[in-house]
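K.L.:
Quick one: structure below, then a few questions.
The values are calculated or read from the model by the stated rules, or taken from the named source; none is laboratory data. All values reported here derive from a predicted model rather than from experimental measurement. Cβ coordinates were reconstructed from backbone atoms using ideal geometry, including for glycine residues, and neighbour counts include every protein chain displayed. Quick note on the areas: whole protein, heavy atoms, side chains included, nothing else; ligands and nucleic acids left out. Shrake-Rupley method; radii C 1.70, N 1.55, O 1.52, S 1.80 Å.
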Amino acid sequence: MSPYALSVLMSSLAIGTITTLSSTHWFLAWMGLEINTLAIIPLMTNKHHPRATESATKYFLTQATASALILFSTAINAWTLGEWTITNLNPMSSTILTIALAMKLGIAPFHLWLPDVLQGLNLMTGLILSTWQKLAPMALLILINHQLNSNLLVTMAILSTIIGGWGGLNQVQMRKIMAYSSIAHLGWMILILTFSPTLTILNLMIYILLTTSMFMMMINLYSTNINKLATSWLKTPTISTSMMITLMALGGLPPTSGFLPKWLILQEMTKQHMSLISTIMAMSALLSLFFYLRLSYTISLTTAPNISNSNLMWRTQLKPLSALSTTIVLSLLLMPITPLLLTIT
């Protein structure tokens, strides 16, 4: 792709998200979401491959349906209340809007498009789809959190964590595993949304950090499936070790950063006297942890001592991703500064 075209598309992605984040009018927020959708589709079809075309088509149809629902719900809200302000919603508009934003994010039961779309993209576009594209819809959910139906959100959260864990068990493609990981993490975010929006923001930040680390390491190792991942230890032992620990962080094991949001969310849900739901969420997190452990086992223990036929050990030429070291350190070592984070929030 031409550098000029790429710069225009990346600028459009930034402008769309910033427009939605800074808007107080529903129509302006909708325009920001549309700019985001239209800017990422050329990035998806950059490589002229049938899978990329299929992914872009599925993504466009899903996002267009969700955008139509958003416009429909805000039009009903403006008709009944006489205003387009984001903070005022009637119950019917709130329910339709929750469904539309869940469809945009890929929250269960509106998740079926996400694994197939992510599988057809290259790793850098998949990184953008898994992180940056979550910001605008999640910001709208956080803005209207006090007007949302908590029962609907809790139901979708439980479905998301169970489906995200269950769907990733049988996968061998890394991008599909990351898609189901995204679905499971989104379930934790929307579970706590109406009770503590601050924890939702913290969970979103740590999810973006961990996912960025994983995708950057996959780009460095040229690994898109488990078979390629199994040979990564001989290429770059340091990054392979970091990937193992980052997978543990995604699973929520202490003392990594991924343990922090799950711990705080379960604590808050227990304070809300929702012990049964907390137990279901904790048990469903074990499903996700299983396939993270399987990936770690693949990286570390299933590689033969020497699989190269040459006398010299072949290793890949690492791509100069300067942010990789920073994201790895934050992914692994954010837990010790937990008391400071809690004091600030």
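K.L.:
Using only Cα atoms, find the angle between the long axis of helix 26-44 and the longest principal axis of the chain, and express it within 0 to 90 degrees, rounded to the nearest 10.
P.N.:
30
K.L.:
I would also like to ask the following. When the C-alpha atoms of region 1-119 are aligned to their principal axes, what extent does each axis show, in angstrom, from largest down?
P.N.:
Sorted largest first, the three principal extents are 47, 32, 16 Å.
K.L.:
Still on this structure, I have one more. Once the piece of chain linking residue 48 and residue 76 is laid out straight, how much longer is it, given 0.36 nm per residue of separation minus the C-alpha distance between them?
P.N.:
6.0 nm
K.L.:
For residue 38 and residue 227, compute 0.36 nm times the residue count separating them, minus their Cα-Cα distance, and round to one decimal in nm.
P.N.:
Stretched fully, the residue 38-residue 227 segment lengthens by 64.6 nm.
K.L.:
Follow-up question, since we're still on this one. Could you work out how far helix 150-167 tilts from the main Cα principal axis of the chain, as a 0 to 90 degree angle to the nearest 10?
P.N.:
Once rounded, one gets 20 degrees.
K.L.:
Residue 49: accessible area at probe 1.4 Å, nearest 10 Å²?
P.N.:
Answer for residue 49: close to 100 Å² accessible.
K.L.:
Per 0.36 nm of contour for each residue apart, how much would the distance between residue 329 and residue 6 grow if the chain were fully extended, relative to their Cα-Cα spacing?
P.N.:
The residue 329-residue 6 span can extend by a further 113.3 nm.
K.L.:
Would you kindly calculate the mean projected area, averaged across all directions, of the convex hull enclosing the Cα atoms of the chain, in square nanometres?
P.N.:
The directionally averaged projection comes out at 18.1 nm².
K.L.:
Nearest 10 degrees is fine. How inclined is helix 237-251 to the longest principal axis of the chain, computing both from alpha carbons?
P.N.:
Once rounded, one gets 30 degrees.
K.L.:
Return a whole-number percent for the relative contact order of the chain, with Cα pairs under 8 Å and 6 or more residues apart as the contact set.
P.N.:
Relative contact order of the chain: 15 percent.
K.L.:
What are the ³J(HN,Hα) couplings of region 134-141, residue after residue, when phi is run through the Karplus curve with 6.51, -1.76, 1.60 and θ = phi - 60°? Round to Hz, x for glycine and proline.
P.N.:
Working through the residues one at a time gives 7, 5, 5, x, 5, 5, 5, 4 Hz.
K.L.:
Taking the alpha-carbon distance from residue 47 and a cut-off under 28 Å, which lysines remain once sequence neighbours fewer than 8 residues away in the same chain are dropped?
P.N.:
Partners found: 58, 104, 134, 176, 228, 235, 319.
K.L.:
Counting only heavy atoms of the protein chains, get the accessible area per residue of region 92-245 (1.4 Å probe) and round it to a whole Å² value.
P.N.:
Per residue, region 92-245 has an accessible area of 29 Å².
K.L.:
Let me ask something else about it. Pop the C-beta distance of residue 87 and residue 151 into the FRET formula with R0 = 22 Å and round what comes out to the nearest 0.05.
P.N.:
0.55
K.L.:
Which value in deg cm²/dmol, rounded to the nearest 500, describes the helix-derived mean residue ellipticity at 222 nm for the chain, given -39,500 (n - 2.57) per DSSP H run of n ≥ 4 and division by the residue count?
P.N.:
Dividing the helical sum by the residues of the chain leaves -24000 deg cm²/dmol.
K.L.:
Another question, then. Just need the relative contact order of region 1-119 here, percent rounded to a whole number, with Cα pairs under 8 Å and 6+ apart.
P.N.:
RCO, region 1-119: 23 percent.
K.L.:
Right, another one. From the phi angles alone, apply the Karplus equation (6.51, -1.76, 1.60; θ = phi - 60°) to region 50-67 and give each ³J(HN,Hα) in whole Hz, x where the residue is Gly or Pro.
P.N.:
x, 5, 5, 5, 4, 4, 5, 5, 4, 5, 5, 5, 5, 5, 5, 4, 5, 5
K.L.:
Counting only protein heavy atoms and using a 1.4 Å probe, what share of the accessible area of region 1-119 belongs to carbon plus sulfur, as a whole percent?
P.N.:
73
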